[in-house]
1. Per-residue accessible area for K361 at 1.4 Å probe radius, Å² rounded to 10?
2. For the chain, restrict the atom set to alpha-carbon positions and state the Rg and Dmax in Å.
3. Using R₀ = 45 Å, calculate the FRET efficiency as 1/(1 + (r/R₀)^6) where r is the Cβ-Cβ separation of S314 and K368; round to 0.05.
4. Report the accessible area of E230, computed with a 1.4 Å probe over the heavy atoms of all protein chains in place, in Å² rounded to the nearest 10.
5. As a test question: what accessible area, to the nearest 10 Å², does K383 have when a 1.4 Å probe is rolled over all protein chains in place?
6. With 20 Å as the limit, write out which pairs from K107/K170; K368/K513; K129/K178; K231/K415; K12/K178; K350/K415 have Cα-Cα distances beyond it, or answer none.
7. Determine, from the Cβ-Cβ distance of D294 and R139 and an R0 of 30 Å, the FRET efficiency 1/(1 + (r/R0)^6), rounded to the nearest 0.05.
8. Within the set of other residues whose C-beta is less than 11 Å from the C-beta of D312, count the net charge using Lys and Arg as +1 and Asp and Glu as -1.
Amino acid sequence: MARLTGGELLVKALADQGARYVFSIIGGQMCSVYDAVSERPDLELVTLRNETAVPIMASGYAAASGVPAVSMCTVGAGVVYEVAGLMDAWFNYLPVISVAPQVQSWKMKPHQENLQGCNQDEIFAPITKWHAIVYHWDRVPQMINRALREALADAPGPVHLDVPVDVLFKTGKLTQEKAAKITPPARNTRSRGGVPGEKEKVEAGSRSIAAAQRPVALIGQGMGRPGRHEKLRDRLNRLGLPALASITSSAAMSGADPAYCGLIATYAGDEDGMAILAEADLLLVIGVDPEIMDLIESMGAFSGDIVQVELDPSALNGLIPAGVRVNADPISFLDEIDLQEASWPDWMNKVKGAGKSAREKITAADPKHARLFEGLADSFTNKDRIVVDGVEPRAMAGAFFSASANKGLHIMNGKYLSGPGLPFAIGARLASPGYRTTLVTDRDALLRHLQELQTAVGLGLNMRVIVVGPGEGAAHDRLEAVLRGLGCSVNSLTPGEAPGDGEKSRPSFWLVKQS
């Protein structure tokens, strides 16, 4: 029989459920948690410099590993700053466990001002799959177990727990019997079953696809996450159906997949690419997201059929024009489609030809940077983890990196959050010790969270960062000196050069020359 504080109990429950990293900003209300982490060899505390970066770094770890990471910020102002980063995990279906201290349990609901307290659970409600308040010491393991289960089950996503400070510092007895009863083994928290969907809807969707002459699959939000993309690419390659991916699902397929034609953004930014999509007579939407919704809206009155497949039924409620809406797991749905020998080789070549034409136009418009990105793409292997951030890098990577045979491509959306690339890449590097991690970014995006380089240097992480594009102002002029001052190595790179692998124990920068 052991006596544990609420913080020790929380840490034990997290470790027992498979969490390996806690990303956090230090706060006095969480001292019992930090003390407990320091006693666990299987759980590591990573302290950052900015609350917004905390869930972003946890997102990078979760995206690269498929294992939930813990984001922990202090009460009040700390969690308010955390919201923007956790929203990024919400949009990308990443299993991040947000844990925050709260005011004493007797000062909540209705809220009594103290310790910068606020109604944190209500703040997190719109951007989490599940949120709760742990009012009692006895329920800490049960609530952690539930949080892990909710984060991983079905369509993954972030969750949030508020833990009042009196619960964190309370001491109680945890018997082996009670621990076994309220904390099931971690293997039981993950939902592995498929959701096949309503038979009539599945059959209707299958008939529409079989009858199509010019179908296009649009792979949306969440489909590039670990554990899903390999199954998805297998099914789409089997069908032989032209497939495009949104930026947030850039890792779903690669140039090695016969069915893959490139990123939606490459086609949406090109007149001929949009003309090809307008010729389609069926859109198979697998996981709708804002980029797909914007594309369909820009296509105007689409005359073909739309088959939308979603695991989350709320995503079927009028987000795109009416069609066949199937509430099912995409893999289960695709497994039910039997098209025999059906394929669309001529149409596939035409769609791929439009993507090639768009890339050629991008090359002609900026041949210098095109050479750089083409060279990088040729150097990537299945042991590379690539994170892309910034306006120009996103456009170039969308055109060239998606054609390379790699499984570790993560392109930051940039629409909802500025500059998440650096903390995301640090988290991905922690999750991928056997991989070479590369961040390709512009200066503006890099400067958003530049202070997190102290975190990377402190952890001894050997990642490389390639910085493209000019910058304006004193901060850009002093960038090289700042990078060296933070303990990074700095190199110059001309667009025709290939960057090296960098230092073994610190981040290495390659600043691309502009002339």
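The values are calculated or read from the model by the stated rules, or taken from the named source; none is laboratory data. Just so it is clear, the model here is predicted, and its values are computed rather than measured. All Cβ positions, glycine included, derive from the backbone under ideal geometry; neighbour counts span all protein chains shown. Note: accessible area is taken over every heavy atom of the protein model, side chains too, but ligands, DNA and RNA are not part of it. Shrake-Rupley method; radii C 1.70, N 1.55, O 1.52, S 1.80 Å.
1. 90
2. My reading of the Cα-based Rg and Dmax gives 23.7, 71 Å.
3. Efficiency, from the Cβ-Cβ distance: 0.50.
4. 90
5. Surface open to solvent at K383 totals about 120 Å².
6. In this structure, K129/K178; K231/K415; K350/K415 lie more than 20 Å apart at Cα.
7. 0.10
8. -2
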